[in-house]
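Worksheet: the structure to be examined is printed underneath.
The values are calculated or read from the model by the stated rules, or taken from the named source; none is laboratory data. Quick caveat, the model's predicted, so the values are computed rather than measured. Note that each Cβ is placed from the backbone with ideal geometry, even for glycine, and that neighbours are counted across all protein chains shown.
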Amino acid sequence: MHSSGMEIAQQLFTSILIIFVAGTAVSKLAQKLRIPDVVLFILTGIIIGPSALGYVNIQGSSTLNQAILLFGASFILFHGGTITKFAILKRVWISITLLSTVGVIITALVVAIGAHFILDLPFMISLLLGAILASTDPAALVPIFQRFPIRAKVAQTVIAESAFTDATGSILAIVIFSMVVSSVGTSGWSVFGQFIYLAVGGIIVGVVVGGVSAFLISENDRGLLREFTPMVIVICVLASYVIAETAHASGFMSVFAAGLMVGNARTLRLTILPKEELSMHHFVDALGLKFRMLIFVLLGDQVNLSLLRAHGLQAFFISLIFMFIARPLTVLACLLPDRRAKWTKQELVFFFWTRETGVIAAALIGIVSSLVSSGQLLLSITFVAILMTLLIQASTTPLVAKILGLIDLGNYRRPIRPPSQ
């Protein structure tokens, strides 16, 4: 005879089993169709969720859902840090800095203005939506640059932007969310100060935790935990997030900074042996896939189809504003001032097109949708924006690069792996 707690646990196990089985099947299908797997994950969530078959029904406000979203987003941000190389940051740091700060604000404001007028939402709710969509998606971009030899400077800048923007975009969303739920007026300087504290505090914690973790798995006399590299990575992610949040700093920025430290261990004169390095990358890739699967299937599971039908056309127009107004304005405002990078017209147009949103936006909307007014409407709009950017932009990125002459077979280096010793 099972207790009620045991029955709930078995139901959750069954739901996760269904998600993984269905997710694995559609991952294979996505490979055959050559489309981003996250699109099929979302559609799978709708089919197996309460709006259709009803096999999976994990509430957005449940502890399990919130834990999956927080740890999943943290792990994916950590992964983004590990694939961002200091050598690239030195070359295009002005562009990346502007894109991940000024660019996030421009994107959030343009989307907010559009949502405010199209849906007649309160401006702060519209701004929250803009901040959520301001994050890009390294989970969708990295596989594209693995498979196609797009010009190295461009590819690595796009990946670095996506990683940094995920961290800064999540901070902006958290700041605006706290303003919305507190309903207390806040001055611009107060918001700026909160943003800086969250970012800088998170960076400090992440640098320390990531540095210690890199030291423990490196090739040195005190590299005590080399054989436990995957476990050290999990501890690093959890410790970075928990310590930063305990200090009221940004846990998301902290895990990203920790990933930077681990991914750039050689620059810090810490040599991680090939065996441990390969083990780390295999573990990060495998766990990242599982979390992407869970996050996007759960996103589809929670979409309100009646609300989507009622506001689908409006969400479509907001997504068009996001893709074809906010992104070009952001690119022009952030890349043209960087004379050192010498961006060409073809490269600028390519940046216009690479504006996928995905994992972090899905995680953020999953966290806040049950806690703010119009949360389900924001979730539906986010759902449409993710589908449109992934289907229209991510699926055609290699073709656009080819048309613009950005395929570079001769000098291409894969941006997501450190060079071998």
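Just a few scattered comments:
- Once segment 355-378 is narrowed to residues that are out of contact with any Ser or Thr (no Cβ under 9 Å at 6 or more places or on another chain) and either in a loop (DSSP other than H, G, I, E, B) or among the acidic types (D, E) (or both), the residue that is surrounded by the most Cβ atoms within 10 Å (Cβ to Cβ) is S374.
- Number of residues in segment 231-290 that are in contact with a Pro (Cβ under 7 Å, 6 or more places away or on another chain) and in a loop (DSSP other than H, G, I, E, B): the value is 1.
- Hits in segment 332-354 (condition: part of a loop (DSSP other than H, G, I, E, B) and either closer than 30 Å to F177 by Cα or of a type outside the set (F, W, Y) (or both)): L336, P337, D338, R339, R340, A341, K342, T344, T354
- Residues considered: L332, L238. Of these, the only one that is out of contact with any Asp or Glu (no Cβ under 8 Å at 6 or more places or on another chain), aliphatic (A, V, I, L, M) and more than 23 Å from V368 (Cβ to Cβ) is L332.
- Test: residue in segment 293-311 that is surrounded by fewer than 21 Cβ atoms within 10 Å (Cβ to Cβ), of a type in the set (D, E, K, R) and without any contact (Cβ under 8 Å) to a residue 24 or more places away in the chain: yes
- So A247, is it at pLDDT 80 or above, among the aliphatic types (A, V, I, L, M) and within 23 Å of T229 (Cβ to Cβ): no
- Selection of first residues in segment 175-201 that are modelled with pLDDT under 75 and of second residues that are surrounded by 15 or more Cβ atoms within 10 Å (Cβ to Cβ), restricted to Cβ pairs under 8 Å at least 6 apart or on distinct chains, gives the following pairs, ordered by first then second residue: T186/M179; V191/V175; V191/M179.
- The requirement of being at pLDDT 85 or above and not hydrophobic (A, V, I, L, M, F, W, C) is satisfied by T24.
- Residues of segment 340-378 that are of a type in the set (A, V, I, L, M) and under 19 Å from F123 (Cβ atoms): L364, I365, V368, L371, V372, L377, L378.
- Filtering segment 379-409 to residues that are buried (at least 22 other Cβ atoms within 10 Å of the Cβ), of a type in the set (A, V, I, L, M), closer than 20 Å to V158 by Cα and under 21 Å from the mean Cα position of the chain (by Cα) leaves A385, I386, L390, A394.
- Residues that are at pLDDT 75 or above and either at negative phi or among the acidic types (D, E) (or both) do not occur anywhere in segment 137-144.
- Considering the conditions (1) out of contact with any Phe, Trp or Tyr (no Cβ under 9 Å at 6 or more places or on another chain); (2) modelled with pLDDT under 85; (3) part of a helix (DSSP H, G or I); (4) more than 30 Å from L377 (Cβ to Cβ), A155 is excluded by exactly one of them, (1).
- Members of segment 224-283 found to be surrounded by 17 or more Cβ atoms within 10 Å (Cβ to Cβ), within 18 Å of the chain's Cα centre (by Cα) and of a type in the set (A, V, I, L, M), listed by number: V237, M253, V255, A257, A258, L260
- Check on S27, farther than 30 Å from L172 by Cβ, assigned to a helix (DSSP H, G or I), of a type in the set (S, T, N, Q) and more than 16 Å from the chain's Cα centre (by Cα): yes
- Flag for L128 being of a type in the set (A, V, I, L, M, F, W, C), part of a helix (DSSP H, G or I), crowded, with 17+ Cβ neighbours inside 10 Å and touching a residue at least 40 places away in the same chain (Cβ under 8 Å): yes
- Residues that are of a type in the set (D, E, K, R) and in contact (Cβ under 8 Å) with a residue 40 or more places away in the chain were ranked within segment 271-284; the one that is farthest from I42 (Cα to Cα) is E276.
- As a summary of the residue check, G210 satisfies the conditions (1) at pLDDT below 90; (2) under 22 Å from the mean Cα position of the chain (by Cα) except for the one numbered (1).
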